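In what follows, a structure is listed as structure tokens, so that the remarks can point back to it.
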Amino acid sequence: MIRGVRGAITVTKDQPEEILQETKKLVVEMVKANNIDPEKVASVIISTTPDVSSAFPAKAVRTLENWTYVPVMCTHEMNVPGSLPMCIRVMMHVNTEVKQKDIQHIFMNEAVKLRPDLVKNNQVGQA
């Protein structure tokens, strides 16, 4: 069965180094929290708010060991007034038998505001 594993993180500025670093940090934490094997990942969609445009966050995923052949695509989020700025969101489609309620969705930095109902104590305040 394929399940969606969701994650989000914010950056402080639209600079390639920070975008890649924070995306990698988020994906690594998603993988760790859910014990994800890249061979079980069907695809990854990464979106950014329109104010994040100086780098492709997918590049960070492709640098991870054994992730070279995982299909990854970037897109922009809708530009909704009042939405959280400087945000990178990840939707990972994973083949797993883990129940939907047991998937660990990861929200870091200011993105903890997006889904406070899903945020675990260890995610609050992570930089």
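Any read-out appearing in this document is the output of simple, stated calculations on the displayed coordinates, not a laboratory observation. As the structure is a computational prediction, the values presented were derived from the model and not from experiment. No Cβ is skipped: glycine too gets one built from the backbone with ideal geometry, and neighbour counts run over all protein chains shown.
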Residue 80 meets each of (1) β-branched (Val, Ile, Thr); (2) farther than 24 Å from residue 1 by Cα; (3) in a strand (DSSP E or B) with one exception, condition (3)
Filtering region 97-113 down to residues that are among the charged types (D, E, K, R) and within 27 Å of residue 13 (Cα to Cα) yields 110, 113
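Here's the yes/no breakdown for (1) among the small types (Gly, Ala, Ser); (2) under 15 Å from residue 86 (Cβ atoms):
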residue	(1), (2)
4	yes, no
31	no, no
52	no, yes
63	no, no
73	no, no
Go over the candidates 75, 96, 12 one by one and state the one that is of a type outside the set (Phe, Trp, Tyr) and in contact with a Ser or Thr (Cβ under 7 Å, 6 or more places away or on another chain). 75
Can you name every residue in region 87-120 that is assigned to a loop (DSSP other than H, G, I, E, B), of a type outside the set (D, E, K, R) and surrounded by fewer than 17 Cβ atoms within 10 Å (Cβ to Cβ)? 98, 116, 118
Identify, please: which residue in region 35-66 is crowded, with 21+ Cβ neighbours inside 10 Å and among the hydroxyl-bearing types (Ser, Thr, Tyr) and is, among those, farthest from residue 78 (Cα to Cα)? 48
Would you confirm, using the coordinates I've provided, whether residue 20 is assigned to a helix (DSSP H, G or I) and either hydrophobic (A, V, I, L, M, F, W, C) or touching a Pro at 6+ places or on another chain (Cβ under 6 Å) (or both)? yes
Filtering region 27-73 down to residues that are part of a loop (DSSP other than H, G, I, E, B) and charged (D, E, K, R), which residue is nearest to residue 6 (Cα to Cα)? 37
